[in-house]
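Participant: Dumping the structure here so I can ask a few things about it.
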Amino acid sequence: MNAKKVILGQFFTRNDIWLRPHIEKFILDSCCKVAYDPFAGNGDLLKVAEKLKLGIKGLDIDSTLGWDYNDSLISIPRVENGIIITNPPYISNYSAARKKVFSSIKHYFDTSFYDDIYLIALDRMLEAQEYVVAIIPETFINSSYKYKNRLYSITILEENPFTDTDTPVVVACFDGKIKSLEKVKVYKNDEFVGNLQFINNKRLEPTHIIPMNFNDKNGWLGLRAIDLTDPHNQIYFDYKDNIDYDWDNGIKVSSRLYSLINIQIEDKYKNDLIKEANNILKELRKNTQDIILSPFKGNMKDGRRRRRLDFKTARAILENAYQSLNVGDNYEKQLGLF
């Protein structure tokens with residue numbers, strides 16, 4: 001990938017797999033006449049919009065692409081009767097620093113509390129137009145973005161619409177109308193999953209009812225926190241010796257994909273704790289169609305998106321599993337919990 005694409009956060013959309021039937025209906029039901037892309041790039045999204053009989057208007061900061069020049073991370077001019085249809089740039093401040101390009105985009109972050117360019121772009125778009133269709137990272141679902149109450153729907157795309165990145169993405173449709181999250185529809189590809197509040201309500205919060213340490217080389221419980229490409233090798237808890245991983249050399253304080261967990265629990269309860277934790281995880285995934293878990297780059301061989309289990313949720317799962325064991329007050333007093 002060339003330096004300009006990295007600095008500008010450019011990932012060009014090459015096909016129309018993002019235009020699911022319910023998204024096309026949203027665009028047409030808006031009754032807008034102009035498809036407006038303030039991050040037009042190669043114009044791929046506008047070409048799709050032309051097939052819907054919409055007029056088109058594009059802007060871009062890259063003057064070599066042939067559009068009117070505009071830095072749309074600073075401001076976006078309003079277009080009468082326009083619906084923004086775009087794939088904004090995305091690069092986090094952390095990623096930009098790691099790739100040594102942060103100095104080129106630092107000024108955008110100076111006046112923002114966001115940690116990714118695409119969130120800044122969303123603000124500018126919603127300031128300009130009521131109707132917005134944006135292809136953005138799937139991490140948006142788990143973000144605390146303040147204008148989610150203007151959403152109409154979120155659609156997870158498991159098929160990659162890009163040729164130059166495998167970043168998991170969603171299509172976020174905004175209609176500008178403030179509403180409860182129960183009114184925000186969530187789709188996976190073409191399938192309606194539920195509403196955004198339903199997904200949020202399924203989140204598990206830890207209570208720290210039992211001591212446990214993650215990434216502890218003295219831990220007895222192993223966690224593979226990511227799905228592998230084989231659908232039979234998904235996220236799970238087990239004794240460390242039952243998980244094929246180099247625990248001695250692989251576990252660091254910063255590890256996120258595998259972890260050794262040290263839980264102070266008697267040996268006779270360990271098998272049941274592992275079984276119950278995996279059952280809770282399985283039900284959580286089933287009830288939310290995996291949406292509650294963080295997306296991970298690439299899909300499994302059956303086409304489903306790979307997922308990662310964050311340690312906060314993993315802790316909550318283990319706490320719930322522990323509580324279901326009914327180990328008794330004596331043991332809890334021994335641990336100093338009560």
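Participant: Would you grab the residues whose amide H sits under 5 Å from the one on Asp310? Only those 5+ places off in sequence or on another chain, please, with H modelled 1.01 Å from N.
Facilitator: Ser294
Participant: Given the Cα atoms of the stretch 156-231, and with Rh set as the inverse mean 1/r over their pairs in the Kirkwood sense, what is Rg to Rh to two decimals?
Facilitator: Answer for the stretch 156-231: 1.09.
Participant: Under a 1.4 Å probe, what is the accessible area of the chain per residue, stated in Å²?
Facilitator: That works out to 48 Å² for each residue.
Participant: Under a 5 Å amide H to amide H cut-off, with H placed in plane at 1.01 Å, what residues pair with Gly194 once short-range neighbours are removed?
Facilitator: Hits under the 5 Å cutoff: Val186.
Participant: log₁₀ I(q)/I(0) of the stretch 124-167 at q = 0.16, 0.18, 0.27, 0.33 Å⁻¹, via Debye over equal Cα point scatterers, no solvent, to two decimals?
Facilitator: With no solvent term, the Cα-only Debye profile gives -0.53, -0.65, -1.16, -1.38.
Participant: Of Val253, Val34, Val170, which has the most accessible area with a 1.4 Å probe, and how do the rest follow in descending order?
Facilitator: Val253, Val34, Val170
Participant: Can I ask one more? State the percentage of accessible surface on the chain attributable to carbon and sulfur atoms; use a 1.4 Å probe and exclude ligands, DNA and RNA.
Facilitator: Reported share for carbon and sulfur atoms: 48 percent.
Participant: Per residue of the stretch 284-299, in order, report the coupling 6.51 cos²θ - 1.76 cosθ + 1.60 (Karplus, θ = phi - 60°) as ³J(HN,Hα) in whole Hz, putting x for Gly and Pro.
Facilitator: Karplus values, whole Hz, x for Gly and Pro: 4, 5, 5, 5, 10, 6, 6, 4, 6, 8, 5, x, 10, 4, x, 10.
Participant: Ok, one more. Can you give the FRET efficiency for Leu65 and Asp16, using 1/(1 + (r/R0)^6), R0 = 25 Å, r = Cβ-Cβ distance, to the nearest 0.05?
Facilitator: Plugging the Cβ-Cβ distance into 1/(1 + (r/R0)^6) gives 0.80.
Participant: Grab every C-alpha pair in the stretch 193-267, bin the distances at 10 angstrom width from 0 up to the longest one, and report whole percents.
Facilitator: Result, from short to long distances: 17, 40, 30, 12, 1 percent.
Participant: Let a ≥ b ≥ c be the square roots of the eigenvalues of the Cα gyration tensor of the stretch 230-303; is it rounded (a/c under 1.5), or, if not, prolate (a/b larger than b/c) or oblate?
Facilitator: Note, shape of the stretch 230-303 comes out oblate.
Participant: To continue, here is another question. Rounded to whole Å and sorted largest first, list the principal axis extents of the Cα atoms in the chain.
Facilitator: For the chain, the Cα spread along each principal axis is 71, 41, 38 Å.
Participant: In addition: Would the stretch 252-293 count as rounded, prolate or oblate if I go by the C-alpha gyration tensor, calling it rounded below 1.5 in a/c and otherwise prolate when a/b exceeds b/c, oblate otherwise?
Facilitator: Oblate is the answer for the stretch 252-293, as a/c is 1.5 or above yet b/c matches or exceeds a/b.
Participant: Report the extension gain between Lys217 and Asn249 in nm, rounded to one decimal, defined as 0.36 nm multiplied by the number of residues separating them, less their alpha carbon distance.
Facilitator: Computed gain between Lys217 and Asn249 is 10.6 nm.
Participant: Tell me, what HN-Hα J-couplings in whole Hz come from the Karplus equation 6.51 cos²θ - 1.76 cosθ + 1.60 at θ = phi - 60° for each residue of the stretch 127-133, using x for Gly and Pro?
Facilitator: Values, residue by residue: 6, 8, 9, 6, 9, 9, 10 Hz.
The values are calculated or read from the model by the stated rules, or taken from the named source; none is laboratory data. Note that the structure is a prediction, hence the values are computed from the model and not measured. Neighbour counts are summed over all protein chains in view; Cβ atoms, including those assigned to glycine, are modelled from backbone coordinates with ideal geometry. In case anyone asks, the SASA skips ligands and DNA or RNA and just uses the protein heavy atoms, side chains included. Shrake-Rupley method; radii C 1.70, N 1.55, O 1.52, S 1.80 Å.
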